């Protein structure tokens, strides 16, 4: 006698043949048939390796517990007639239970598709309201914008990094640019789209050994759950040599600060912070084969052209006093305001040629390779006064208003003769006695606004359901002309004038659908 298994699927309201078993009868003369093959798969029809299968009687007694192989296949062997339950379990999937009955119908293979388990998060809300703490262990010295704040602020072309970089300390950034930390990994770019960013923050606590750059020189990005090298032409010239100074040392930066904080309200803090930065043994270059004074006629070694030596003789000194107010000032007014009074001097700044900075840092060469006294001057990034404001105003439930205001002092630039007076191959010479960055450009002012409103498609769920967000952004609302790239070349007809400007007023309309 030959038996088979049949599945009663309560969801499909149908019966499936699933197994062919031989009854335990010694008088059976029919050929022994193998049971049909079961398979267990995920929603993409891939086999679930190691799925736990339990066959139990109707009274709960376990009969067999096979496991699925790499293809998700398994068999039942020697099961007597009766009613059974087949339960299939695997981490990450919902358990599957099927009712099985031994019958005489012809069997056929059966596939069980598991459903992904639900992801659940539990949040416990206490009766005590969250308050801003001034304890050092709470590490409140951060400028943080979460997803909600980023959505409500005027940000052109979704450039969150550019918006937050105005709160960086230029002295901490140095000559290598801003450091980005994406989900704890240091990199040179975000690597994700703007919609994937959950939070952007600047941790202004400088005492962090976890990363190579102090907090005020890096931007940390937290994303939502869920650089290639190009070789260029190699120019080899027998008369040009680049070498390291035999006494070269590893550069380092010393940053020290002190701050005082006061909690003005439940969610508002006022911070007064002083920061000092000292850069020692910074890299810069010098041409050791430049024509010597006073005539500057010929190079000492006629067999060489440029003998550029990389030295660790650069220095940096910066001081800043910062006042910051952040938090929820009123019921309708949330954000941060920051004013910084600073001063930064170094001797490794970039030279300026026709209004464009051509060299900086390790590639920087002085105006006079035999007289470096004029190099210690204002740093290229030095700005005496910086005022930044990021605010979200919610006057009512019908719209939100985001405000971004930036007011900066002018940056310095150098006065040059426009000639190669010392015949070293670089037209970055300055008049006698004029230091680097002796001129100053005008200030910078920019006002950006954003009006936005959320439309809830499921009113009962509000922001938990499908939402359509409509926003209007206006950048440089006052249409102020912010000039850049001032010409310091005395021989140019554009001396003291700019040759470029920041963008004029721009308008951006955005539409976003969340579901």
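Every read-out reported here was derived from the displayed coordinates using simple, explicitly stated rules and does not represent laboratory data. The model shown is predicted, which means the values in this text are computed figures rather than measured ones. Neighbour counts are summed over all protein chains in view; Cβ atoms, including those assigned to glycine, are modelled from backbone coordinates with ideal geometry.
If you average the alpha carbon positions of the stretch 439-479 and of the stretch 260-330, how far apart do those two centres end up, in angstrom?
So the separation of the two Cα centres works out to 36 Å.
Using R₀ = 41 Å, calculate the FRET efficiency as 1/(1 + (r/R₀)^6) where r is the Cβ-Cβ separation of residue 274 and residue 371; round to 0.05. Numbers along the way, then the final one.
On the way: r = 34 Å, r/R0 = 0.84.
E between residue 274 and residue 371, to the nearest 0.05, is 0.75.
Step by step: find N for the stretch 360-400, compute 2.2 N^0.38 Å, then divide the Cα radius of gyration by it. What's the final number?
Cα-based Rg divided by the globular estimate yields 2.47.
Once you place label points 7 Å from the Cα toward the Cβ at residue 239 and residue 453, how far apart are they in nm?
For the pair residue 239/residue 453, the computed spacing is 7.2 nm.
According to a simple spin-label model (label point 7 Å from Cα along Cα-to-Cβ), what is the distance in nm between residue 399 and residue 49?
5.8 nm
Based on the Cβ-Cβ distance of residue 328 and residue 116, what FRET efficiency does E = 1/(1 + (r/R0)^6) give at R0 = 45 Å, to the nearest 0.05?
Working from the Cβ atoms, E equals 0.70.
For the stretch 379-515, what is the Kirkwood hydrodynamic radius in Å, using each pair of distinct C-alpha atoms? Spell out each step's value before the answer.
On the way: mean 1/r = 0.0533 Å⁻¹.
For the stretch 379-515, the Kirkwood estimate is 18.8 Å.
Pull out the extension gain between residue 147 and residue 57, defined as 0.36 nm times the separation in residues minus the alpha carbon to alpha carbon distance; nm, one decimal.
Fully extending the segment from residue 147 to residue 57 adds 27.1 nm.
Just the C-alpha atoms of the stretch 265-354: what Rg/Rh do they give, with Rh taken as the Kirkwood radius?
Values: Rg = 23.8 Å, Rh = 17.8 Å.
Expressed as Rg/Rh, it is 1.34.
Give the value in nm², to one decimal: projected area of the alpha carbon convex hull of the stretch 430-476, averaged over all directions.
6.1 nm²
With a point put 7 Å past each Cα toward its Cβ, work out how far residue 198 is from residue 305 in nm, to one decimal.
The two pseudo-label positions are separated by 5.5 nm.
For residue 460 and residue 492, compute 0.36 nm times the residue count separating them, minus their Cα-Cα distance, and round to one decimal in nm.
4.8 nm
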